[in-house]
Amino acid sequence: MSLELQGVSQVVDGQLHIAPTDLVLEKGTMNVLLGPTSSGKTSLMRLMAGLDKPSTGRILSSGKDVTNQRVQLRNVAMVYQEFINYPGMTVFDNIASPLRLKGQPKADIDRTVRTTAEMLKLTSILHRRPLELSGGQQQRVAIARALMQDPRIILADEPIASLDPMNAQVAMQSLRDIHEQDGRMVIANLHTLDTARRYCDRVIGMRGGKIVFDGTPEQLTTGVARERTHFLGRSG
């Protein structure tokens, strides 16, 4: 599944959040929106997901116009900075909840949950509850539950912002593994070039609601320092 933005912009209460943007993301790619706080990364991601509607332009999914299509019909899933898990449920039940809402057979649910848990290294904690877990484990539970929607595009909005460095590496590697094993497109919203360089294939640099860089991490790393600091800042 590809994702294309054609002249997409967003204006809220007279303020420009996203300048007119053209962007094509190919299926099976690992992408990162990179830039400082308030650069427009989350706003652009919400438009991609269908959580917000653009002020102008069109959004196409595999060539089909989905600009006005409900998010539930877009075959996408969001993973957020905050761990949105049900505290009264076990890890198994958290992951299984979307499948139960669909009315899938118990045996199919059990098989799907355990397969996904193995991929995300959650098998040993399926009986535990979210409040008994580390932040990294909770984030992987949230990723696992998002996968139960069988999305072709995973949008991860600052998925490691609340994690310590070790758990951040595990969470990002989990997203990378999903991308490599299932060929899903992943789009992550990040702040640091080091993380983007380690896990992603394509960097979309943003500042002031505009895309100011689009290329590989290697191109960004070997580029002129002034180009990098234009949207990352000197500490990026």
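The values are calculated or read from the model by the stated rules, or taken from the named source; none is laboratory data. Note that the coordinates shown come from a computational prediction; the quantities given were computed from them, not determined experimentally. Virtual Cβ from ideal backbone geometry, glycine too; neighbours counted across all protein chains shown. Just the protein is used for accessible areas: all its heavy atoms, side chains included, with ligands, DNA and RNA removed. Shrake-Rupley method; radii C 1.70, N 1.55, O 1.52, S 1.80 Å.
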Notebook entry, point to check: How much length is gained on full extension from R70 to D22, taking 0.36 nm per residue of separation minus their Cα-Cα distance?
Noted result: 15.1 nm
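Can you pull out the trypsin sites (Lys or Arg not before Pro) in region 46-117 whose DSSP state is coil and whose Cβ has at most 14 other Cβ atoms within 10 Å? The partial results should precede the final answer.
Working: sites: R46, R58, K64, R70, R74, R100, K102, K106, R111, R114; in loops: R70, R74, K102.
Hits after loop and neighbour filter: R70, K102.
Under a Cβ-only charge scheme (Lys and Arg +1, Asp and Glu -1), can you give me the dipole magnitude of the chain about the Cα centre, in debye to the nearest 20? Intermediate values should be presented prior to the final figure.
Values: 29 positive and 24 negative charges, 46 e Å.
My answer is approximately 220 debye.
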Check: Rounded to the nearest 0.05, what FRET efficiency is calculated for M89 and M166 with R0 set to 25 Å and r the Cβ-Cβ distance?
Finding: 0.45
Notebook entry, point to check: At a probe radius of 1.4 Å, what is the per-residue accessible area of R198, in Å² to the nearest 10?
Noted result: 150 Å²
Check: Which far-off residues, 5 or more places away or on another chain, put their amide H under 5 Å from the one on E158, with H placed in the peptide plane?
Finding: N189
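Figure the gain on full extension for E180 and Q219 (residue separation times 0.36 nm, minus the Cα-Cα span) and round it to one decimal in nm. Provide the component values of the computation, followed by the final result.
Details: separation 39, 0.36 × 39 = 14.04 nm, distance 2.20 nm.
Here the answer is 11.8 nm.
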Checklist line | Computed over region 2-46, the ratio Rg/Rh where both radii use C-alpha atoms and Rh is Kirkwood | finding: 0.99
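Return the carbon/sulfur percentage of the accessible area of region 1-156, one whole number, probe 1.4 Å, all protein chains in place.
Values: 3730 of 7450 Å².
Its accessible area is 50 percent carbon and sulfur atoms.
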Check: What whole number of Å gives the distance from the Cα centroid of region 80-145 to the Cα centroid of region 180-216?
Finding: 26 Å
Margin query: I'd like the antiparallel share, as a percent to the nearest 5, of DSSP beta bridges with both residues in the chain.
Written below: 50 percent
Check: Going by average Cβ neighbours within 10 Å, how do the peptides 154-163, 7-16 rank, with the highest at the top?
Finding: 154-163, 7-16
Next item on the list: Summarise the long-distance tail of P(r) for the chain by giving the % of C-alpha pairs beyond 30 Å.
Entry: 26 percent
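May I ask for the percentage of alpha-carbon pairs in region 55-174 that lie more than 17 Å from each other? Write down the numbers at each step before the final one.
On the way: 4185 of 7140 pairs.
Result: 59 percent of Cα pairs exceed 17 Å.
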